[in-house]
Amino acid sequence: MSTDAAIQVRGLQKSYKKLEVLRGVDFEVAPGSIFALLGSNGAGKTTVVKILSTLLKADAGEASVNGFDVVAQPAEVRQSISLTGQFAAVDEMLSGRENLVLVAKLRHLKGAGAIADGLLDRFALTDAAARKVSTYSGGMRRRLDIAMSLIGNPPLIFLDEPTTGLDPEARLEVWDAVRELAARGTTVLLTTQYLDEAEQLADRIAILHEGRIIVNGTLAELKRMLPPAEVEYIEKQPTLEDVFLAIVGHE
Amino acid sequence: MTTHFFGDTAVLLGRSLRHIARSLDTIITTAIMPIAFMLLFVYVFGGAINSGSDSYVSYLLPGILLITIASGISYTAYRLFLDMKSGIFERFQSMPIARSSVLWAHVLTSLVANLVSLVVVVLVALLMGFRSGAGVLAWLAVAGILILFTLALTWIAVIPGLTAKSVDGASAFSYPLLFLPFISSAFVPTATMPGPVRAFAENQPVTSIVNAIRDLFTGQPVGADIWTALAWCVGILVVAYFFAMATYRRKIS
Ligand SMILES: Nc1ncnc2c1ncn2[C@@H]1O[C@H](COP(=O)(O)OP(=O)(O)O)[C@@H](O)[C@H]1O
Ligand SMILES: [Mg+2]
C-alpha cells in the first residue's frame, strides 16, 4: 500500500447485529481522482462512506483518510473531508444563502457571506439565494448540498448516491459539478447504483458485492474482463452494465 | 476541537432560533393547550372547586406553567428528530466542529422557546385576573425553578428526539408528563383526594414544585416545598442528562 493515497481501506468489516454487511473490504483511492464505489441497493456503500467519514465505527479493519486514521484521528479526518450524504442534508427552514453561511461559520472561516455568494453564483443559485430551501426543486437542493460540501475546500469529498432520485437534467448538472471538482484537484469518492454514472465520471471503479470488492479497475480494465468471444458477437462496445452482470452473475 | 465549543454552539443556536422565529405557530400551539385548560378550569369547573384561595386563576397558574413546559418540550424532541431524519445532524457530525454543540444548541433553543411560551401564558393569566404580590427575588426564584424544570424535561426530550422512528414517536413521550399535574396539587388541594391517589399526588414532583411556586407568588414564606422541588428538578435533570448523553454517544459512535 502506498502511503500517499487519499483513502486506504484494508480488511474493513461491519455487521448490524446478525447482518454482515462488510466482510473485508479493501481499496485505495489516489489523490485527485474520482473513485466510484458501485453496488446495488443494500450492498453497503453508505456503510463504507459512514465509516470513512467518522460517523460509524467498523468492527474490524483499518481505514485512513488523507493519511489520518479514522479511529485514532477523527478530528483531523473531519477537518480534511466533506460528506454529501445519500439524502440532501440541507436546512429546509433556512434560505440557500443562510445554509451556506451556516456551514462557513461552522468551518470557522472568515468572510462567510462572500464565500456563500461565490458558491451561489458557481452553482447557479443566485436567483434563489434568499428563498427558503423548502421551495427548491430536487436538483437545486442537491446542488446546494454539494455547494455546502465545498466550503473550506476540503481535499476529499464523499458523494453518497448524489443523483439518486434526480431527473435526467438535474443529474447532468450534478455530473458537471463533480467533473469541475475533479478538475480543481479534489479527490472524489462517489457511490452509485448507476453503471452509466460510474462509467461517465470515474477514473477507477470498484464493485462492492456481498460484502467485498469483487472488481477494482479502470473502465478499460473492467471491459477487458469480459470474455472476448462475446465482444465479437455484439457491434457496440460492452457497457459497464454487461461487465457488471457478467461478473456478479445474472439470474 | 473543544476550543470551538462556545462559538459552534452560538452559531447552531442562531440557526434553531431562526427556525423558531419562522414557525411562531409552534410557540402559539405550545401555549394554546395550557391556556385552554386555564379557561376551562377557571370559567367552567372553577366555581365548583374549593381551592381555599380567593383567586382560582392565581391558584391554578403554577400548575398551568408546568403543563406549558411539558407541552413545549415535545417540540424540542420534534426539532431534534427532524435534524436526525434530514441528515443534517450527520452533516454536522462529519464536520470539524465541537460535536456536542449540536445537542447543546437544541437544549438552549428549548429553553428560549419555553420561556417565550411561559411569558405568553402569564400574560393571558394577568388578563384573567391573576395578581401576585411577589417581589423581584420571589419572581427570580420562580424563574429559576421553571428554568430548572424546563432543562430537566428538555434532557428527557432529547432521548426520544435522538431515537424516535416517527414524528409521533418523538412527541408521544410528553403525554404522561402532561397528565402528572392533574394528579397533584395543581388544580385541587390534595387533601380532597382518596388515600392512595393522595399519597401519589403528595409525593410526586409536580406537587412540591407547584406548592413552592404558589407560595412564592402569594408572598408566603416558602417551606420545605422549595427544597423538595429543587431536589426533584436537579435529580431529574441529572438522571435525564446522563441517559440522554449515553444515547447520544451511542448515536455518534
Ligand atoms: N443502522 C442499521 N441497522 C441495521 N441495518 C442497517 C443499518 N444501516 C444499514 N443497514 C443494512 O445494511 C445493509 C447495507 O446498507 P447500506 O450501507 O445503506 O447500503 P447501500 O448504501 O449500498 O444501499 C442494508 O441491508 C441495510 O438494510
Ligand atoms: Mg446508501
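The values are calculated or read from the model by the stated rules, or taken from the named source; none is laboratory data. Note that this is a predicted model, so its numbers are computed, not measured. Using ideal geometry, Cβ is built from the backbone for each residue, glycine included, and neighbour counts are taken over all protein chains shown. Areas reflect the complete protein model, heavy atoms only, side chains present, ligands, DNA and RNA absent. Shrake-Rupley method; radii C 1.70, N 1.55, O 1.52, S 1.80 Å.
Once the whole set of protein chains is in place, how much accessible area is left on residue A:28, using a 1.4 Å probe, in Å² to the nearest 10?
Spelled out: residue A:28, probe radius 1.4 Å, area about 60 Å².
How many percent of the alpha carbon pairs in chain A exceed a separation of 26 Å?
42 percent
Where the only charges are on Cβ atoms (+1 Lys, Arg; -1 Asp, Glu), what is the dipole of the protein assembly as shown about its Cα centre, to the nearest 20 debye?
Using only the charged Cβ atoms, the result is roughly 1440 debye.
Probe of 1.4 angstrom, ligands and nucleic acids ignored: what's the accessible area per residue over the stretch B:2-252, in square angstrom?
Using a 1.4 Å probe on heavy atoms only, each residue of the stretch B:2-252 averages 43 Å².
Assuming 1.567 mPa s and 4 °C, estimate D for the stretch B:2-252 with Stokes-Einstein, Rh taken as the Kirkwood radius over Cα pairs, in µm²/s.
69 µm²/s
Please give the calculated 222 nm ellipticity per residue for chain B, where each DSSP H segment of at least 4 residues contributes -39500 (n - 2.57) and the sum is spread over every residue; nearest 500 deg cm²/dmol?
Helix contribution divided over all residues of chain B: -25000 deg cm²/dmol.
For residue A:109, put the label point 7 Å out on the Cα→Cβ axis and report which residues of the stretch A:171-192 keep their amide N under 16 Å from it.
A:181-182, A:184-187
Give the Cα extents of the stretch B:106-253 along the principal axes, in whole Å, largest first.
Principal extents (largest minus smallest coordinate, Cα): 51, 37, 27 Å.
State, to one decimal in nm, how far the label point of residue A:127 lies from the label point of residue B:243, with both points 7 Å from Cα in the Cβ direction.
5.2 nm
Please check: in the Gaussian network model of chain B (C-alpha springs, under 10 Å), which one of B:229, B:199, B:157 has the largest mean-square fluctuation.
Of B:229, B:199, B:157, the Gaussian network model singles out B:199 as fluctuating most.
For the stretch B:1-112, with the dipole built from +1 on Lys and Arg beta-carbon atoms and -1 on Asp and Glu ones, taken about the Cα centre, which of B:59, B:34, B:111 lies farthest toward the positive end?
Sorting the options by dipole projection puts first B:111.
Put +1 on the Cβ of each Lys and Arg and -1 on the Cβ of each Asp and Glu in chain A; which of A:90, A:217, A:193 then has its Cα farthest toward the positive end of the dipole?
A:90
Along the charge dipole of the protein assembly as shown, which of A:144, A:40, B:248 sits closest to the positive end, that is, farthest toward it, with unit charges on the beta carbon of Lys, Arg, Asp and Glu (+1, +1, -1, -1)?
Highest projection toward the positive end goes to B:248.
What does a probe at residue B:198 reach in the stretch B:14-58, counting residues whose amide N is under 17 Å from the point 7 Å along Cα→Cβ?
B:50-52, by backbone N distance to the label point.
What average count of beta carbons from other chains do you get within 10 Å of the Cβ of residues in A:75-88?
The shielding value for this peptide is 4.
Determine the order of A:18, A:50 by accessible area, beginning with the largest, at a probe radius of 1.4 Å.
Ranking A:18, A:50 by accessible area, largest first, yields A:18, A:50.
What FRET efficiency comes out for the pair residue A:248/residue A:75, r = Cβ-Cβ distance, R0 = 41 Å, nearest 0.05?
0.60
Using a 10 Å cut-off on Cβ to Cβ distances, tally the other chain neighbours for every residue of B:94-103 and report the average as a whole number.
Mean number of neighbouring Cβ atoms from other chains: 6.
Starting from 0 in steps of 10 Å, tell me what percent of the Cα-Cα pairs of the protein assembly as shown lands in each bin.
P(r) over the protein assembly as shown, rounded to whole percents: 4, 17, 23, 19, 14, 11, 7, 3, 1, 0.
Hey, what number do you get for chain A at 222 nm if only DSSP H runs of n ≥ 4 count, each worth -39500 (n - 2.57), divided across all residues, to the nearest 500?
Computed ellipticity for chain A at 222 nm equals -10500 deg cm²/dmol.
So which residues of the stretch B:59-93 lose at least 50 Å² of accessible area, probe 1.4 Å, when you go from the chain by itself to every protein chain present?
For the stretch B:59-93, once contacts with the other chains are taken into account, B:88, B:90, B:91 lose 50 Å² or more.
In whole Å, what is the distance between the alpha-carbon centres of the stretch A:80-113 and the stretch B:21-59?
Here the answer is 42 Å between Cα centres.
Once every Cα of the stretch A:111-166 carries one equal point scatterer and solvent is ignored, give the base-10 log of I(q)/I(0) from the Debye formula at q = 0.25, 0.27 Å⁻¹, two decimals.
Log10 of I(q)/I(0), two decimals: -1.11, -1.21.
So which residue, out of A:26, A:160, A:127, gets the largest mean-square fluctuation from a GNM of chain A using Cα contacts under 10 Å as springs?
Of the options given, A:127 has the highest mean-square fluctuation.
Could you work out how far the C-alpha centroid of the stretch B:142-184 sits from that of the stretch A:1-72, in angstrom?
Cα centres, the stretch B:142-184 to the stretch A:1-72: 39 Å.
What is the dipole size for the stretch B:1-120, taken about its Cα centre, with +1 at each Lys and Arg Cβ and -1 at each Asp and Glu Cβ, in debye to the nearest 20?
So the magnitude is around 380 debye.
Using the alpha-carbon atoms, what tilt in degrees (0 to 90, nearest 10) does helix B:5-22 show relative to the longest principal axis of chain B?
That works out to roughly 60 degrees.
Would you give the gap between the C-alpha center of the stretch A:132-165 and the C-alpha center of the stretch B:186-253, rounded to a whole Å?
Each part's Cα centre sits 46 Å from the other's.
May I ask for the percentage of alpha-carbon pairs in the stretch A:137-232 that lie more than 24 Å from each other?
Of the Cα pairs, 29 percent sit more than 24 Å apart.
In the stretch A:1-111, what is the count of Lys pairs whose alpha carbons are under 23 Å apart, counting only pairs at least 8 residues apart or on separate chains?
10
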